[in-house]
Amino acid sequence: MRFYVVDAFTGEAFAGNPAGVVVLERDVDAAWMQQVAGEMKHSETAFVRKNGTTTSLRWFTPATEVDLCGHATIAATQVLGGTQTYETRSGILRCTKHEDGWIEMDFPVDEPRETQEDVSRILADEDVKPLYVGRSRENLFVELETPEQVARATPDLTELKSTWTGRMIITASGDPGEPSETDETGDNTDFVSRFFGPGVGVDEDPVTGSAHCALAPYWARKLGRKDLTGKQISQRGGIVKTELDNDRVRISGRAVTVVSGELHV
């Protein structure tokens with residue numbers, strides 16, 4: 001069976017978020033897929049198998065299977081090309097690879113709901129006062145005051161892992177006057193974010209497409225616009241474009257295939 005490593009949400013190799021993609025030739029069990037994901041050691045590995053007009057798609061971290069993953073879906077579409085209809089644990093997902101190289105995903109909205117939780121022990125910085133704390137379906141969602149606070153955050157991952165699902169998005173409004181350094185289109189950055197997931201075996205994910213199911217509706221409401229550009233400011237970094245459409249969000253990014261090979265087990 002063929003496998004690939006694809007850098008997602010970037011137009012350059014060795015940036016964005018690397019994902020494994022395994023193209024299955026036959027049915028395999030979940031335990032085997034989990035072992036392969038553990039061997040690949042990327043934050044997510046996608047397993048795809050053609051089923052007539054649709055394609056089965058499952059995502060595994062090195063530790064567990066997850067319900068939704070954006071960057072590995074972009075990676076799978078980069079490998080398969082064209083327009084894909086995926087059958088997943090989150091329902092039917094449609095993705096299109098456009099001629100300009102951008103890959104667009106149609107995902108369900110996951111708008112956070114405000115809570116009164118005290119996240120100070122997780123943030124581990126007494127000088128940081130969240131502007132908003134909420135929960136999306138699986139993630140804590142925290143807005144901080146500035147992009148600089150997001151960039152320098154060092155949350156207590158042990159504390160985070162022991163809370164709820166052990167996953168957290170932190171975000172802040174971007175400066176609309178400063179174009180993103182890595183966005184070749186020259187679009188301004190509307191918001192920045194980072195994602196931490198020790199609860200699913202990923203301390204920090206470089207660029208997280210599924211997090212934008214929550215980020216897109218949150219910032220669309222705050223900024224009064226449906227089309228936005230986000231920048232995930234991890235060490236590798238990446239650009240994510242979002243377009244809100246009622247209860248769906250179109251999430252777009254680029255991708256670069258950096259490795260291809262064959263599994264012998």
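Can you give the extra length, in nm with one decimal, that the chain gains between ARG89 and VAL259 once fully stretched, where that is 0.36 nm per residue apart less the Cα-Cα distance? All intermediate terms of the calculation are to be shown ahead of the outcome.
Values: separation 170, 0.36 × 170 = 61.20 nm, distance 2.70 nm.
Full-extension gain reported as 58.5 nm.
The accessible-area ordering, largest first, of the residues PHE3, PHE191 stands as PHE3, PHE191, per a 1.4 angstrom probe. Of the listed residues ASP7, ASP118, ASP156, the order by accessible area with a 1.4 Å probe, largest first, is ASP118, ASP156, ASP7. Here the chain has 45 percent of its accessible surface on carbon and sulfur atoms, given a 1.4 Å probe and all protein chains in place. Principal axis analysis of the Cα atoms in the chain yields extents of 52, 39, 32 Å, listed in decreasing size. Annotation for the range 130-166: GluC sites (Glu not before Pro) lying in DSSP loop with at most 13 further Cβ atoms inside 10 Å of their Cβ are GLU145.
Only helical runs count toward this figure. For the chain, summing -39,500 (n - 2.57) over DSSP H runs of n ≥ 4 and dividing by all residues gives -5000 deg cm²/dmol at 222 nm.
Solvent-accessible area per residue for the range 1-94 at a 1.4 Å probe radius, Å²?
Numbers: 3720 Å² over 94 residues.
Value for the range 1-94: 40 Å² per residue.
Within the shell of other residues whose beta carbon sits under 13 angstrom from the beta carbon of ILE92, the net charge comes to +1, with Lys and Arg scored +1 and Asp and Glu -1. Take the Cβ atoms of ALA31 and THR158, set R0 to 25 Å, and the FRET efficiency comes out at 0.35. Loop-located GluC sites (Glu not before Pro) in the range 44-102 (DSSP state other than H, G, I, E, B) with a sparse environment of at most 13 neighbouring Cβ atoms within 10 Å: GLU99. Summing charges over all other residues whose Cβ lies under 12 Å from the Cβ of ALA30, with Lys and Arg as +1 and Asp and Glu as -1, gives -1. In loop segments of the range 39-118 as defined by DSSP, the trypsin sites (Lys or Arg not before Pro) with at most 13 further C-beta atoms inside 10 Å of their C-beta are LYS41, ARG89. Taking a ≥ b ≥ c as the square roots of the Cα gyration tensor eigenvalues, the range 62-204 comes out oblate, since a/c reaches at least 1.5 and a/b does not exceed b/c.
In this rough spin-label picture, where each label sits 7 Å from Cα along the Cβ direction, the PHE14-GLU117 distance is 3.7 nm. Treating r as the C-beta distance of ASN188 and GLU39 and R0 as 51 Å, the FRET efficiency rounds to 0.80.
Would you mind telling me the antiparallel percentage of the DSSP bridges in the chain, rounded to 5? Counting only bridges with both partners in the chain, antiparallel ones make up about 85 percent.
By DSSP, what percent of the beta bridges with both residues in the range 116-175 are antiparallel, rounded to the nearest 5? Walk me through the numbers on the way to the answer.
Values: 4 of 8 bridges.
Given both bridge residues lie in the range 116-175, the antiparallel proportion sits at roughly 50 percent.
Projecting the Cα atoms of THR257, VAL150, LEU215 onto the charge dipole of the chain, computed from C-beta unit charges around the Cα centre, puts THR257 farthest toward the positive end.
MET1 sits with roughly 20 Å² accessible to a 1.4 Å probe, with DNA, RNA and ligands left out of the calculation. With both labels modelled 7 Å from their Cα along Cα-to-Cβ, the LYS226 to ASN51 distance reads 3.1 nm.
The values are calculated or read from the model by the stated rules, or taken from the named source; none is laboratory data. Nothing here was measured: the structure is a model prediction, and the numbers come from that model. Because the Cβ atoms are built from the backbone with ideal geometry, glycine has one as well, and the counts that use them run over all protein chains shown. These accessible areas exclude ligands, DNA and RNA; they are computed on the full protein's heavy atoms, side chains included. Shrake-Rupley method; radii C 1.70, N 1.55, O 1.52, S 1.80 Å.
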